[in-house]
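Visitor: One structure coming up, written as structure tokens, with questions to follow.
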Amino acid sequence: MASFLQLDSVEQNFTRADGTVLEALSTINLEISKGEFVSLVGHSGCGKSTLLNILAGLNQPSRGGVILEGRQVTEPGPERMVVFQNYSLLPWRSVRQNVALALREVKRELSASERAERTEAALAMVNLDKVAERMPGQLSGGMRQRVAIARALALEPKLLLLDEPFGALDALTRGHLQEQLMQLCQKAGITTVMVTHDVDEALLLSDRVVLLTNGPKAHIGRIVAVPFERPRCRKAVLQHPDYYKLRNELLEFLHDQRRLSNRKPAPPKPAAELQAAAASSPSPKPIRLGYLPGLDAAPLLVARQKQLFEKQGLRVELLRCQSWEEIDDLLRIERLDGAALSAAQPLTMATGAMASTPLPMVVTQTLSRNGNALVLGTQLSISSSEGLLLHLRQGLPLKLGVPDRLSMAELLLRHWLARQGVDPAQVSWQRRSPMGLLAALEGGLIDGFAAGKLRACLAQHRRSGRVVLTDSAIWPNHAEKVLALRESWVDAHSNQANSAAVGLTAAVLEAAAFCDQTSHRQELLQVLTEPQAFGPQLLAPLQEGLAESNLAKDLNQATSLLRFNRFFLGQASYPDPAEGLWVLTQLARWGMAPWPNHRQELLERVYGRRLFLEACDRLGMIDQEPTQRRYQLAEGEYFDLDEPLSYATNLPFSTLSPCLP
Amino acid sequence: MTVSERRGRRVEFNAIGKSFPSDSGCVEVLQGVNLSVAAGEFVCVIGHSGCGKSTLLNTLSGFETPSTGSVLVEGEPVEGPGPDRMVVFQNYALLPWKTALENVVLGLRSIRRGEPRELLVSEAKAMLETVGLGDALDCHPGELSGGMRQRVAIARAMAMKPPVLILDEPFGALDPITKEELQEELLTLWRQQRCTVLMITHDIDEALFLSDRVVMLTNGPSASIGEILSIPFDRPRDRDSLLHDQRYGELRNRALEFLYERQGG
Amino acid sequence: MTNSLVRQIKPPLICTAAILLLWQLLCSGTHSDFPGPIQVISQTWNPYIAKPFYDDGGTAKGLGWQILISLQRVAVGYSLAAVVGISCGLALGLNRFIRRGFDPVIQVLRTVPPLAWLPISLLLFQQADAAAIFVIFITAIWPIVINTAMGIREIPQDYRNVARVLRLRKRSFLWDIVVPSTAPYVFTGLRIAIGLAWLAIVAAEMLKADGGIGFFIWDAYNAGGDSSTSQILLAILYVGVVGLLLDRLVAWVGDRVSGPQR
């Protein structure tokens, strides 16, 4: 589906005077529809102007490109008119001459009288026909910018680009010009991209606001849709019930960026103080949960859709994030209270493994089981797991993309390779944001990736990759994603009569139960493809993906897949410390973290079983606790809970030496 | 805080009017401005460019004499500039050939003659450390960023423990991140000293975050006080909880409405 | 607004009168040979002040003619310097290699005083007139080159971007953007150059020339008559005034050509 304007994996690097490279922009992907008004917002120096220059064709990106109506943009041109903050008009020509010059140079096919007509019309459009003979120096800053805009629109460009057009003006003029610009753009229906640091301006004018993170390596942090109806007027917009909510969202993003730039760690507050604060705040802040788009986030989205949070008396906001790194950052600065994390992450975070500072988390439930696949690019011409093993046994190189924080997919894949006699160290593991894995595969940066079903389905749908292995061949029904909350938040909200933590768990549990019923599949699809969720463009791949045995078709395997993506049935939601124990063994095995001294205590702390069971009580659900002590991974392979260390040590390619106590 | 500990002083503007002679006759900038500021209060003056905010505060700082009316500080009329009414300008006004420390010490020396230099230096150092410039004591203004220079200017003003502090769009030239940090640091310093503060700004959010009251001037010429907003939020103020407070949006809209609809044209 | 005119004239009038008074006082002593302002005027009134265009043949001409002769030489040398200077300045401004390459040479040569060039130019041209013109040329050219080059480089990037976005044709780019934007810089260079040129010609003529105001000064010095000093002082005054007028002339032309800049 080609969109009107597309930024495709755009990166921009600059070489400084001393030879070092500054990575200004990193992997920007953005699609803009015709007639849309998009604002780029971010702190100064984050690269928004660089991005705009790339859109205009004034700069060439180091990687990736800009595609307008199907053709790549390589140089500037009048169909992508730019209005700059300063120096837009030539000061040595009159106002009329400035507009006429542009028309003369661009619209050469028109006759002189037609051009004169258009010049007058353009000036009249911004009510400046009376001052047409004056020189720009005799006009105020606001009037100059109006002329610049009129000139731009007179050329009938396909794309209008504005680089902080009102930044140099005082507040009153800015206000007037914003309204005038809005009216002009609405009337002309022109696709517009505007760079601004003024949040209110963005909200008034745009259909979508794109928030950029701070540089270096700035990327799109979040995209916020602005739902105010058109035609708009400032007063109505200001009084819209959602205005301040959206404004706060944008401001909080910018605040977060500021805090992340400073990297000042928030000092830990004692639990009593947190509880007092939580109890006494006049309008309690909503609970914020982060997630990455994927099938495993379904229970959260369903809970929101069906207002199950409100049913528990809670206000919950879901934040769709771009990468695990972003979720990690937001949890650390307490912008998020919890998130849908991979089952391996809470322990990684709690122990501070892989060179990060420890951040204690509490797992309230398992969100989903199964759902991973290994996808290899079609250019590799490997079509099965045997082919993969052959490739590796021959010592050929392989670059695999895995999510940027430790995922079950990676752990399972390593485990499987080791079992097959291949040292996982042979593979070059590239950690990337899950959203970028497909693009990286298509861009040739990696040979394949291990990720969730959604991305696997997309790859197959676009014929860029094929599934060669699923996790059901490694450990059927393993815990894939969990809902984890910050320990400090849980402590602050657990001593109340109506504990918010329990309510949260209950709401998501109810949603999970809903998801697992086949009769609800259609509704589930609807919820997932709404614009606030994944968007309608994922409808087709999701439909394929939710069909149970679709992936098996390409494998020619007789083994039928068990239920893919299990959310609830078979005690799936239980936050099982035994599975955490397995994760610990893997962390030790691969040398990612030392074997913990007090593993029992650690597991009790991280896995909030009591919370979960209280939630079950509240919902009247019984029999949610599994009873086994031995877990079967693949055929003939068992994980014995009683001897985890020897298990870890005896696994192939383990970095643990047998003489450890 | 007892009366003797409160450093701030009461400020009164009584029927202030100010006119300037010009080529085309007299231009009346201010007319009939009446304002009482309690001791230790933080007041922001807001209005469009050129409406006369700077002129009004100049009558307080003593750089201008009002054509009519009088400005009183604790009942005494203002006669010229003085260290009891310290001013922080938008363009820092630091001496570029002196280090940050020397700039602050210079200010201290001017009001505390005869005191040993070591004492003044240590006080200056302490103040600079409070604004986070402990590592930049020996840097010259040219080596510092805009935000850091403004910190030195604020440190210099606050080191003199003025009873009245006047700020003229002090953060106007800074980027949003530095602006927010400096606002918070200003509040911290103010909390320690509780001087009376009058600050000019055109940023509504800044005014709502910092002040006890926001005074909105009408447009010039002959500007006067249009409306005064009382800011009810508790101190110490937390930016995040402020944003979520419903009253914040209402106050903001009121201010915007005043500025854009009743004054715009 | 005669009030403000009077206000403007008062300070310079008073201070100039003060200087003249001081000068007169210093020279009033009977043992002093140096003429005061009154003596200067009385001694040179006839013929120099009253008949500026008298012509007695040869180099005995009124000051008016002498100045015109000097100006003629300046005109030729300066025009050459302008044409060559602007062209070279354009080349340096547009091409980084050329700029970096020739910069050391330019920096060295531009500090050479005009008179140091005179021997070389006499050797090259043999003839006094041509030599003088060359000295003017080589003195005036440096500020023109340097300022033109700077002007080209100072074209704001945003104007260039506007040109790129509009895809301006070469002709329009030059005429609508380069020329108007560079003009003020070029004229700054031209103004400095005219001052230097005038300086140079007076000095060069003093060393070796036929006619011209510099020649007149040196001639008067050599003649050593009673009124020589007065003649010299008068000539100096005329030199200064003409220099000022030239500067203002170039500035005025520059303003007309450049038009509004911001």
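The values are calculated or read from the model by the stated rules, or taken from the named source; none is laboratory data. None of the values given here were measured: they were computed from a predicted structure. Using ideal geometry, Cβ is built from the backbone for each residue, glycine included, and neighbour counts are taken over all protein chains shown. Side chains are part of the model used for accessible areas, which takes the heavy atoms of the whole protein and leaves out ligands, DNA and RNA. Shrake-Rupley method; radii C 1.70, N 1.55, O 1.52, S 1.80 Å.
Visitor: Quick check: is even one residue across region A:216-224 more than 12 Å from every other protein chain (Cβ to nearest Cβ), open to solvent by 10 Å² or more (accessible area, probe 1.4 Å) and of a type in the set (A, V, I, L, M)?
Guide: Yes, region A:216-224 contains a residue that is more than 12 Å from every other protein chain (Cβ to nearest Cβ), open to solvent by 10 Å² or more (accessible area, probe 1.4 Å) and of a type in the set (A, V, I, L, M).
Visitor: So C:Val162 passes all but one of these: (1) surrounded by fewer than 21 Cβ atoms within 10 Å (Cβ to Cβ); (2) within 9 Å of chain A (Cβ to nearest Cβ). Which condition number does it fail?
Guide: For C:Val162, the exception is condition (1).
Visitor: Show the residue pairs that are 6+ apart or on different chains and have beta-carbon atoms under 6 Å apart, the first residue being within region C:201-214 and in a helix (DSSP H, G or I), the second being among the hydroxyl-bearing types (Ser, Thr, Tyr).
Guide: Once the first residue is in a helix (DSSP H, G or I) and sits in region C:201-214, its partners that are among the hydroxyl-bearing types (Ser, Thr, Tyr) give C:Ile201/C:Ser70; C:Ile213/C:Ser70.
Visitor: Mind listing whichever residues of region A:100-118 are crowded, with 20+ Cβ neighbours inside 10 Å and within 45 Å of the chain's Cα centre (by Cα)?
Guide: Scanning region A:100-118 gives A:Leu101, A:Ala102, A:Leu103, A:Val106.
Visitor: If I go through region A:172-215 residue by residue, how many of them are open to solvent by 20 Å² or more (accessible area, probe 1.4 Å), of a type in the set (Gly, Ala, Ser) and within 13 Å of chain B (Cβ to nearest Cβ)?
Guide: 1
Visitor: Out of (1) of a type outside the set (S, T, N, Q); (2) within 12 Å of A:Arg405 (Cα to Cα); (3) in a helix (DSSP H, G or I), the odd one out for A:Met354 is which?
Guide: All conditions pass for A:Met354, except number (3).
Visitor: Where residues in region A:387-402 are open to solvent by less than 10 Å² (accessible area, probe 1.4 Å) and touching a strand residue (DSSP E or B) at 6+ places or on another chain (Cβ under 9 Å), which of them is farthest from A:Leu441 (Cα to Cα)?
Guide: So, considering only residues that are open to solvent by less than 10 Å² (accessible area, probe 1.4 Å) and touching a strand residue (DSSP E or B) at 6+ places or on another chain (Cβ under 9 Å), the one farthest from A:Leu441 (Cα to Cα) is A:Leu388.
Visitor: Filter region A:72-107 for residues that are among the hydrophobic types (A, V, I, L, M, F, W, C), part of a loop (DSSP other than H, G, I, E, B) and more than 7 Å from chain C (Cβ to nearest Cβ) and give the result.
Guide: A:Val73, A:Leu89
Visitor: Still on this model: If a residue must be surrounded by fewer than 15 Cβ atoms within 10 Å (Cβ to Cβ), within 27 Å of C:Ile67 (Cα to Cα) and in contact (Cβ under 8 Å) with a residue 40 or more places away in the chain, how many such residues does region C:11-40 contain?
Guide: Adding up the residues that qualify gives 1.
Visitor: Hey, another quick one. Name the strands (runs of 3 or more DSSP E) wholly within region B:1-94 that hold at least 2 residues that are touching a residue at least 12 places away in the same chain (Cβ under 8 Å) and open to solvent by 60 Å² or more (accessible area, probe 1.4 Å)?
Guide: In region B:1-94, the matching strands (runs of 3 or more DSSP E) lie at B:25-37.
Visitor: Return the pairs, sorted by first residue and then second, in which the second residue is β-branched (Val, Ile, Thr), the first residue lies in region A:51-74 and is open to solvent by 60 Å² or more (accessible area, probe 1.4 Å), the beta carbons are less than 8 Å apart, and the residues are 6+ apart or on different chains.
Guide: That search, which allows pairs on different chains as well, returns A:Gln60/A:Ile54; A:Gln60/A:Thr74; A:Arg63/A:Val10; A:Gln72/A:Val66.
Visitor: Say whether the condition of being within 29 Å of C:Ile86 (Cβ to Cβ) and within 14 Å of chain A (Cβ to nearest Cβ) is met by at least one residue in region C:190-207.
Guide: Scanning region C:190-207 turns up no residue that is within 29 Å of C:Ile86 (Cβ to Cβ) and within 14 Å of chain A (Cβ to nearest Cβ).
For (1) among the aliphatic types (A, V, I, L, M); (2) modelled with pLDDT of 80 or more; (3) open to solvent by 10 Å² or more (accessible area, probe 1.4 Å), each residue gets a yes or a no:
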| site | (1), (2), (3) |
| --- | --- |
| A:Val482 | yes, yes, no |
| A:Ser488 | no, yes, yes |
| A:Ser494 | no, no, yes |
| A:Ala513 | yes, yes, yes |
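Visitor: Counting only residues that are more than 11 Å from A:Met81 (Cα to Cα) and part of a helix (DSSP H, G or I), which one in region C:165-176 is farthest from the other protein chains (Cβ to nearest Cβ)?
Guide: Filtering first and then ranking leaves C:Leu174.
Visitor: Within region C:208-235, which residues are over 24 Å from C:Gln24 (Cβ atoms) and either open to solvent by less than 10 Å² (accessible area, probe 1.4 Å) or touching a helix residue (DSSP H, G or I) at 6+ places or on another chain (Cβ under 6 Å) (or both)?
Guide: C:Lys208, C:Ala209, C:Gly211, C:Gly212, C:Ile213, C:Gly214, C:Phe215, C:Phe216, C:Trp218
Visitor: With the condition being under 15 Å from the mean Cα position of the chain (by Cα) and not acidic (Asp, Glu), I'd like the helices (runs of 4 or more DSSP H) fully within region C:59-153 carrying at least 1 qualifying residues.
Guide: Once the helices (runs of 4 or more DSSP H) in region C:59-153 are filtered for at least 1 residues that are under 15 Å from the mean Cα position of the chain (by Cα) and not acidic (Asp, Glu), what remains is C:63-94, C:128-153.
Visitor: Could you tell me which numbered condition A:Ser33 fails, if it satisfies all but one of (1) away from chain C (no Cβ under 14 Å); (2) crowded, with 20+ Cβ neighbours inside 10 Å?
Guide: (2)
Visitor: From C:Ile141, C:Ile120, which residue is surrounded by 15 or more Cβ atoms within 10 Å (Cβ to Cβ) and more than 14 Å from chain A (Cβ to nearest Cβ)?
Guide: C:Ile141
Visitor: Going residue by residue through region B:115-126, is there one that turns out to be under 26 Å from B:Gly172 (Cβ atoms) and either open to solvent by 30 Å² or more (accessible area, probe 1.4 Å) or within 14 Å of chain A (Cβ to nearest Cβ) (or both)?
Guide: no
Visitor: Further question on the same structure: Out of region B:139-168, which residues are in a helix (DSSP H, G or I), small (Gly, Ala, Ser) and either open to solvent by 10 Å² or more (accessible area, probe 1.4 Å) or within 14 Å of chain A (Cβ to nearest Cβ) (or both)?
Guide: Residues satisfying the conditions are B:Gly142, B:Gly146, B:Gly147.
Visitor: Kindly check whether there is at least one residue in region A:152-164 that is part of a strand (DSSP E or B), at negative phi and open to solvent by 20 Å² or more (accessible area, probe 1.4 Å).
Guide: Yes, there is a match, as at least one residue in region A:152-164 is part of a strand (DSSP E or B), at negative phi and open to solvent by 20 Å² or more (accessible area, probe 1.4 Å).
Visitor: Moving on to the next point. For region A:36-50, what are the residues that are part of a loop (DSSP other than H, G, I, E, B) and either without any contact (Cβ under 8 Å) to a residue 60 or more places away in the chain or within 12 Å of another protein chain (Cβ to nearest Cβ) (or both)?
Guide: Answer for region A:36-50, where residues must be part of a loop (DSSP other than H, G, I, E, B) and either without any contact (Cβ under 8 Å) to a residue 60 or more places away in the chain or within 12 Å of another protein chain (Cβ to nearest Cβ) (or both): A:Gly42, A:His43, A:Ser44, A:Gly45, A:Cys46.
Visitor: Can you confirm whether B:Leu259 is within 14 Å of chain A (Cβ to nearest Cβ) and not basic (Lys, Arg)?
Guide: So B:Leu259 passes the test.
Visitor: Residues that are among the aliphatic types (A, V, I, L, M), within 30 Å of A:Gln420 (Cα to Cα) and at pLDDT below 85: which helices (runs of 4 or more DSSP H) entirely in region A:529-646 hold 2 or more of them?
Guide: Hits in region A:529-646: A:550-555.
Visitor: Right, something else. Of (1) closer than 19 Å to B:Glu169 by Cβ; (2) among the basic types (Lys, Arg); (3) at the interface with chain A (Cβ under 10 Å from one of its Cβ atoms), B:Arg239 satisfies all except one. Which?
Guide: (1)
Visitor: Let me ask you something else. Take the residues in region C:236-262 that are open to solvent by less than 30 Å² (accessible area, probe 1.4 Å) and within 14 Å of chain A (Cβ to nearest Cβ), then tell me which one is farthest from C:Gly189 (Cα to Cα).
Guide: Among them, the one singled out is C:Ser258.
Visitor: When you look at A:Arg247, is it open to solvent by less than 20 Å² (accessible area, probe 1.4 Å), out of contact with any Lys or Arg (no Cβ under 7 Å at 6 or more places or on another chain), within 10 Å of chain B (Cβ to nearest Cβ) and modelled with pLDDT of 85 or more, yes or no?
Guide: yes
Visitor: Moving on. Being among the small types (Gly, Ala, Ser), open to solvent by 10 Å² or more (accessible area, probe 1.4 Å) and over 30 Å from B:Asp205 (Cα atoms), is that true of even one residue in region A:124-144?
Guide: The answer is yes; a qualifying residue exists.
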